[in-house]
């Protein structure tokens, strides 16, 4: 009863936030003007503001005149000062810096995104709006357990004494008590570096619980949980029965001690017997037979939609709610429906601008405000928010799919920088993923794991790497169809092919399980499993 009362109070607070957000969508210009004024107060008096002479900026026109579009390299020297304890490098003295969010890049040095107290409040408010709307749409998930998979918020300590890590780790650690009580996974599990061991631990702690929904950014993580449960079904049942955690990989002793002290590894013979019956009846232990989840939260758009092809196998017809355009730098959209990556622009925490796709990279591109964008058009997103970043080019390409009252609804397409161009063809990762989907449908195959990479030759060509079972012995047909579909999706590629400047796509077979092992190897190196993103397009040219 006490939990229900606390949950009711928390829900009322989140409900007020949600209602204010939806009301704000009818007052776009006013809300954004207020955000711009707030942005100037965030950086007021800082070294950054002095360098760009931002004192006295009153209008959007002033803002544009004083500041060009900026990227991380411009901010790096200011952030280095922040890391050494000089908060006045980027912030007004009234702002409190609490940590740095590390970007999830796996090949380049991670960026350090400043996280202020104000930014945490904004980020959490966006999550509350998103989460409450999803729960209202799926009330059967209320007051049940939550599978929450995050990385640690304390990965690297800066010279100034602040931690850098995953913003999701900080949010989980500071979440309301009533919410944390429903997590199947305690915070200590985020300290498990071995990706196989971590996923087994998540499965072990959740398998015997009444799970209402699952929450993690990447659909590959969702899928890996299902595969882990299937692969280690007997071991999981034995561990539940005995009250142990004896799965594959290495779990730090302090994490095991924490799980035992917290009573997380208690033996549950009743749950083990139920799971044994499921395994015996079905022949496989799968999430769809273990839990009756109300919904799953993870990304569904861009290149990640390929992972969704196997969700039915593991999770049945469980609805999937996209998390929205969400990054270390902020929450930029709030989805309100299942099975779509589209979400309402999060205008109450971010000041937004848009560059048309065709002008991206130009010296003086057209820059539009949110009320000037058009449905169906593609734009690169520019934002300013409580991270201190102003007119920041995050490199995300989005499409405007609709308007909610006065406010655009957007879907993420891809990172603009991830383009391969050997002879001017400018292939995007989004295009190769779409080609794989179409070819798979045409051939009756499931092409969910692959890589494509340019190969230098005379003429150069692209190598499509797929597993043997996906090709089904139809190597020539697969290469030809992929080439044809890619030509239809990219006119520059078609031109280069027809002129002989590019050769036809060539297929290279790899053993089944190759990509899964490759994912695990890369996860071991980057150590941030729930934000890892497989690259389907490799832009480096093979020699």
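No lab work stands behind these numbers, since they all come straight from the coordinates. All of these numbers come straight from a predicted model, not from anything done at the bench. Backbone-built Cβ (ideal geometry, glycine too); neighbour counts: all protein chains shown.
A few remarks follow.
- Extension reserve of the residue 96-residue 458 stretch, reckoned as 0.36 nm per residue once the Cα distance is removed: 124.6 nm
- Separation between Cα centres of the range 11-89 and the range 414-442, rounded to whole Å: 34 Å
- Three-way shape label, the range 261-337, alpha-carbon gyration tensor, a/c 1.5: oblate
- In this label model, residue 50 and residue 514 are separated by 5.7 nm, measuring between points 7 Å along each Cα→Cβ vector.
- FRET efficiency for residue 76 and residue 267, using Cβ-Cβ distance with R0 set to 45 Å, rounded to 0.05: 0.30
- Proxy reagent accessibility, fewest Cβ within 10 Å first, across 518, 281, 194: 281, 518, 194
- Viscosity 0.692 mPa s, 37 °C: Kirkwood-radius Stokes-Einstein D of the range 64-142 over Cα pairs, µm²/s: 215 µm²/s
- The value obtained for the range 235-387, namely the Cα convex hull volume divided by the number of residues, is 203 Å³ per residue.
- Stokes-Einstein D (µm²/s) once Rh is taken as the Kirkwood radius of the chain over alpha-carbon pairs, at 20 °C in 1.002 mPa s: 86 µm²/s
- Spin-label model distance (nm) - residue 180 vs residue 363, 7 Å beyond Cα toward Cβ: 5.4 nm
- Once the chain from residue 86 to residue 244 is taken as fully extended at 0.36 nm per residue, the excess over their C-alpha distance is 52.2 nm.
- Difference of contour (0.36 nm per residue) and Cα-Cα distance, residue 17 to residue 280: 90.0 nm
- Ascending count of other beta-carbon atoms within 10 Å, so fewest first, for 64, 449: 64, 449
- For the range 132-193 versus the range 302-347, the inter-centroid distance based on Cα atoms is 18 Å.
- Dimensionless Rg/Rh of the range 203-294 - Kirkwood Rh, Rg from C-alpha atoms: 0.95
- Here is the size of the range 99-240 from its Cα atoms: Rg then Dmax, 16.2, 48 Å.
- In the chain, helical runs assigned H by DSSP with n ≥ 4 each contribute -39500 (n - 2.57); averaged across all residues and rounded to the nearest 500, the mean residue ellipticity at 222 nm is -12000 deg cm²/dmol.
- Taking only the Cα atoms of the range 382-449, the ratio Rg/Rh comes out at 1.11, with Rh defined as the Kirkwood radius.
- Over all Cα atoms in the range 317-418, the spread is summed up by Rg and Dmax: 13.2, 48 Å.
- Along each principal axis, Cα extent of the range 419-531, largest first, Å: 43, 30, 23
- Ordered by the count of other Cβ atoms within 10 Å of each Cβ, fewest first, 389, 397 give 397, 389.
- Highest mean first, the peptides 147-156, 476-485 sorted by other C-beta atoms within 10 Å per residue fall in the order 147-156, 476-485.
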